[in-house]
Amino acid sequence: MGTRLLLCDCLGSQTVDAAAIGDVTSLDPSKVYTNLCGTQTEAAAKAIEAGDVMIACTQESAFFEMLAEELGVDAPGFVDIRDRAGWSDQGAKAGPKQAALAAEAALSLPAPKVVDVVSEGTCLIVGSGETVFAAAAQLCDTLAVTVLQTDTSDVPLDRRFDVVRGRVRNLNGALGQFEVRIDGFSQLLPGGRGAFGFSAPKDGAVSECDLVVDLTGNPAMVPAPHKREGYLRADPRQPVAVAAVLAEAAQMVGTFEKPLYIALEPALCAHSRAEQTGCSKCLNICPTGAITSAGDHVAIDPMICAGCGACAALCPSGAIAYDAPPVSAVFRRLDALSSTYRKAGGTAPRLLVHDADHGTEMISLSARFGRGLPADVIPFAMDSLAAFGHAEMMAALSCGFASVDVLLAPRTERDTPEHEAMLANALSGGGRVQVVDMVDPDALSDHLYGGAAPKPVASPSLPIGTRRQVARVAAKAMMPEAEILPLPENAPYGAVLVNTDACTLCLSCVSLCPSGALGDNPDLPQLLFQEDACLQCGICATICPETAITLEPRMNLTDAAFSQVVLNEEEPFACIECGALFGVKSTIEKITEKLAGKHSMFATSDAAKMIQMCDNCRIQAQYHSKNNPFALGEPRIPRTTDDYLKETPYSKRKDH
């Protein structure tokens with residue numbers, strides 16, 4: 001038997017088909033209870049004590065976890081089939097969706113990787129006036145507080161916290177490892193009578209602390225301040241906001257687990273080659289500044305990274321991958337939802353992608369007070385909406401979902417979801433992926449009930465492999481008759497176009513192509529291209545000295561995309577001495593025309609012929625020429641005693 005699933009109809013407010021769930025999932029459903037969190041708690045306690053149990057209720061998860069703690073056993077798992085399915089105007093038809101949600105919850109997914117972050121409570125409070133000193137007095141018994149005073153108002157006599165003056169030049173780091181550079185730095189001089197004095201100001205002081213409380217009221221010291229752990233900011237004119245920030249700061253002492261959201265493979269990165277910039281999508285989109293250039297690849301500071309996932313969605317090569325959880329886990333969830341829904345009798349499910357906070361609340365409010373979700377709309381929670389890119393959207397469509405709606409949260413950055421939805425629509429034929437920006441639960445319900453679902457793919461495919469592979473297979477499944485799909489600008493798929501009249505086959509592009517999409521033929525002067533490998537990073541176009549290369553964003557669904565094609569080729573030149581093929585005929589002829597008789601090195605006819613010789617013959621010709629650059633000249637004649645005697649005759653010598 002599989003995991004025991006405790007079912008409850010919540011005082012008869014929803015319809016639950018236990019048999020249907022058992023038939024299409026690996027779970028062992030119980031009978032349908034009515035009040036597991038109340039009058040039937042004893043049944044829940046017995047099941048929890050037996051272990052390996054999941055309860056179909058998330059509203060009362062705290063109650064059941066407390067019950068497990070009292071019994072001395074592990075807490076059960078939970079799945080919500082009420083707010084997301086049963087509580088709906090179409091709740092009577094929600095059986096397939098309930099089964100799908102239960103099957104998804106039963107999946108064993110990898111736990112996110114984490115690293116310990118230690119905060120010893122060293123706190124820097126930045127601001128001016130009485131507010132900053134009142135904040136320091138409130139926190140100094142809990143944290144090791146230093147006030148960075150930005151004005152020259154009187155300093156209180158309270159010595160429970162340190163006071164310095166200056167202004168922040170820049171702030172780097174995150175919780176547990178902030179580094180602050182301060183200009184105009186002055187230290188308080190505690191001795192003497194009367195008001196405290198300060199030392200002479202100096203620029204460039206460096207301070208380290210675990211957390212920063214910004215009460216300046218000025219623009220934030222870091223990008224995306226709400227995503228920077230350990231950086232707390234409030235307007236000093238709003239006492240309630242200040243109190244909330246101070247209460248949060250007081251809790252930031254100890255060891256915390258920081259998820260490692262992103263996995264980086266530098267060898268795959270197409271950021272730059274030979275100091276020529278290629279792909280910078282992750283650098284441009286990162287809201288926190290966690291990504292920086294590190295030569296040919298990028299570097300990611302995991303402590304600053306807030307896990308928005310936009311970089312992973314946009315990365316064309318797969319060098320950056322979302323790892324909390326990995327994309328393979330997302331593909332497994334999508335397949336479990338779609339396949340189970342169809343097994344339970346559903347035909348054309350629609351996917352609603354939402355975040356864990358705003359989206360879940362919208363669905364809950366709609367279910368309790370409104371129409372709820374339609375029976376064919378399956379909610380899909382993501383910790384990061386931006387990480388759900390075009391590959392994930394295409395995976396959903398290819399495994400059987402008729403459409404995908406992405407519900408944005410108020411704080412979601414819009415650029416990445418909108419761009420990825422546009423790309424997914426181009427790959428799937430258009431109209432199947434939509435970005436929904438709503439904050440009214442009733443408006444969301446009206447939108448979903450009013451939407452007409454298109455037909456899903458005829459033959460669903462299993463989303464496995466890399467994001468690029470999944471996107472390609474899905475596009476082929478969605479558009480079986482298509483050969484070339486035009487894509488929007490900045491798409492990570494496409495062709496390299498070469499102006500053969502301008503190209504000299506110098507092959508600079510080949511040596512710098514980060515993905516190996518461009519290649520050469522060692523036997524013939526040819527420029528080869530494999531479209532499936534092209535990342536559209538643009539390094540080839542940037543490096544081309546003749547500006548002969550342009551990029552065309554598109555998806556080639558034919559088998560030709562996996563083979564090397566010739567973009568440009570020319571007739572090789574035969575050495576005039578030995579006949580060996582070398583170089584390009586047009587290039588050798590052009591060089592001969594420009595240099596023969598016009599350049600001092602090729603002024604004579606014999607010297608000019610060297611242009612038309614291969615490497616070996618050219619060296620031999622130079623060696624045997626009159627002006628042989630390799631000649632060492634006549635060997636030096638050694639001087640002997642006779643030579644000296646000739647210069648000084650014997651008769652003049654005074655020692656004889």
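How large are Rg and Dmax for the chain when calculated on the C-alpha trace, in angstrom?
36.1, 140
Give the calculated FRET efficiency between His226 and Ser625 to the nearest 0.05, with a Förster radius of 56 Å applied to their Cβ-Cβ distance.
0.15
What FRET efficiency do you get for Val114 and Leu189 if R0 is 30 Å and r is their Cβ-Cβ distance, rounded to the nearest 0.05?
So, using R0 = 30 Å, E works out to roughly 0.10.
If you count, for each residue, the other Cβ atoms within 10 Å and average over each peptide, how do 17-24, 478-485, 351-358, 388-395 line up from highest to lowest?
Working: 17-24: 17.1, 478-485: 14.2, 351-358: 20.2, 388-395: 28.9.
Most protected by this proxy first, the peptides run 388-395, 351-358, 17-24, 478-485.
What percentage of the solvent-accessible surface of the range 221-337, computed with a 1.4 Å probe over protein heavy atoms, is contributed by carbon and sulfur atoms?
Here carbon and sulfur together make up 56 percent of the probe-accessible area.
If you line up the long axis of helix 95-105 against the longest principal axis of the chain, both from Cα atoms, how many degrees apart are they, to the nearest 10?
Compared with the principal axis, the helix lies near 60 degrees.
Using 26 Å as the Cα-Cα cut-off, could you pick out the over-long pairs in Lys585/Lys609; Lys46/Lys258; Lys626/Lys646; Lys46/Lys113?
Result: Lys46/Lys258; Lys626/Lys646; Lys46/Lys113 exceed 26 Å.
Counting pairwise Cα distances across the range 362-401, what percent come out greater than 13 angstrom?
For the range 362-401, the fraction of Cα-Cα distances above 13 Å is 66 percent.
Note down the relative contact order for the range 207-301 as a percent, whole number, built from C-alpha pairs under 8 angstrom at least six residues apart.
23 percent
Please give the per residue accessible area of the chain, computed with a probe of 1.4 Å over protein heavy atoms only, in Å².
Ligands and nucleic acids excluded, the result is 49 Å² per residue.
Can you tell me the dipole magnitude for the range 4-130 around its Cα centre, using point charges on the Cβ only (Lys, Arg +1; Asp, Glu -1), in Debye to the nearest 20?
520 debye
Need one value: the accessible area of Glu120 in square angstrom, 1.4 angstrom probe, rounded to the nearest 10.
Its heavy atoms expose roughly 150 Å² to the probe.
Would you please give the FRET efficiency between Lys455 and Ser328, computed as 1/(1 + (r/R0)^6) with r the Cβ-Cβ distance and R0 = 35 Å, to the nearest 0.05?
Calculated transfer efficiency: 0.80.
Can you tell me the orientation of helix 239-250 relative to the chain, as the angle in degrees between its alpha-carbon axis and the longest Cα principal axis, to the nearest 10?
Compared with the principal axis, the helix lies near 70 degrees.
Where nothing but the Cβ of Lys and Arg (+1) and of Asp and Glu (-1) is charged, how large is the charge dipole of the chain around its Cα centre, in debye to the nearest 20?
With only Lys, Arg, Asp and Glu charged at Cβ, the dipole is about 1520 debye.
Students sometimes get this wrong: rank Lys46, Lys585, Lys258 by accessible area, probe 1.4 Å, all chains present, largest first.
Details: Lys46 130, Lys585 70, Lys258 5 Å².
Result of the area sort, largest leading: Lys46, Lys585, Lys258.
Using the alpha carbon gyration tensor of the range 1-122, what are the three equivalent-ellipsoid semi-axes (square root of 5 times each eigenvalue), largest first, in whole Å?
Here the semi-axes work out to 27, 18, 15 Å.
So for the range 130-282, averaging the separation of alpha carbon pairs under 8 Å that are six or more residues apart and normalising by length, what relative contact order in percent results?
Relative contact order here is 16 percent.
What percent does the relative contact order of the chain come to when contacts are Cα pairs within less than 8 Å and at least six residues apart?
9 percent
How much of the accessible area of the range 417-571, probe 1.4 Å, is carbon plus sulfur, in whole percent?
51 percent
Want the number for Ala134 to Lys343: 0.36 nm per residue separation, take away the alpha-carbon distance, what's left?
Result: 68.9 nm gained on full extension.
Using a 7 Å offset from the Cα along the Cα-to-Cβ direction at both Asp74 and Lys585, what is the distance between the two label points in nm, to one decimal?
7.4 nm
In the chain, what % of DSSP beta bridges are antiparallel (nearest 5)? Provide the component values of the computation, followed by the final result.
Values: 49 of 90 bridges.
The antiparallel proportion sits near 55 percent.
Could you work out how far apart the two model spin labels at Glu552 and Ala43 are, taking each label as a point 7 Å from the Cα in the direction of the beta carbon, and quote it in nm?
6.6 nm
Keeping all protein chains in position, work out how much accessible area Met610 exposes to a 1.4 Å probe, and write it in Å² to the nearest 10.
Solvent-accessible area, nearest 10 Å²: 30 Å².
Kirkwood Rh over Cα pairs of the range 117-246 into Stokes-Einstein at 20 °C, 1.002 mPa s: D in µm²/s?
Answer from the Stokes-Einstein relation: 145 µm²/s.
Sticking with the crude label model, points 7 Å out along Cα→Cβ, report the distance from Glu418 to Cys506 in nm, one decimal please.
4.0 nm
What length, rounded to one decimal in nm, is gained on full extension from Leu462 through to Ala243, with 0.36 nm per residue of separation minus their alpha-carbon distance?
Working it through step by step, the gained length comes to 73.7 nm.
Taking every DSSP beta bridge with both residues inside the range 189-311, roughly what % is antiparallel (nearest 5)? Before the final figure, lay out the partial values.
Numbers: 7 of 10 bridges.
Percentage antiparallel, nearest 5: 70.
How do the peptides 70-82, 277-289 rank, highest first, by the average count of neighbouring beta carbon atoms within 10 Å per residue? Mind dumping the intermediate values first?
Values: 70-82: 16.9, 277-289: 18.7.
Packing order, densest peptide first, comes out as 277-289, 70-82.
Any chance you could run the full-extension gain for Ser61 through Gln469? It's 0.36 nm times the residue separation minus the Cα-Cα distance, nm to one decimal.
Stretched fully, the Ser61-Gln469 segment lengthens by 143.0 nm.
Let me check something: with ligands and nucleic acids excluded, how do His271, His297 order by accessible area (1.4 Å probe), largest to smallest?
His297, His271
Report, in degrees rounded to the nearest 10, the 0 to 90 angle that the Cα long axis of helix 585-595 makes with the longest principal axis of the chain.
The helix 585-595 is inclined about 50 degrees to the chain.
Could you point to the residue in Pro456, Gln434, Thr412 farthest towards the positive end of the range 402-489's charge dipole, with +1 and -1 charges on the Cβ of Lys/Arg and Asp/Glu respectively?
Pro456
The values are calculated or read from the model by the stated rules, or taken from the named source; none is laboratory data. Because the structure is predicted, anything quoted here is derived from the model rather than measured. Positions of Cβ are backbone-derived with ideal geometry, glycine not excepted, and every protein chain shown enters the neighbour counts. Please note that ligands, DNA and RNA were not included when accessible areas were found on the heavy atoms of the full protein model with its side chains. Shrake-Rupley method; radii C 1.70, N 1.55, O 1.52, S 1.80 Å.
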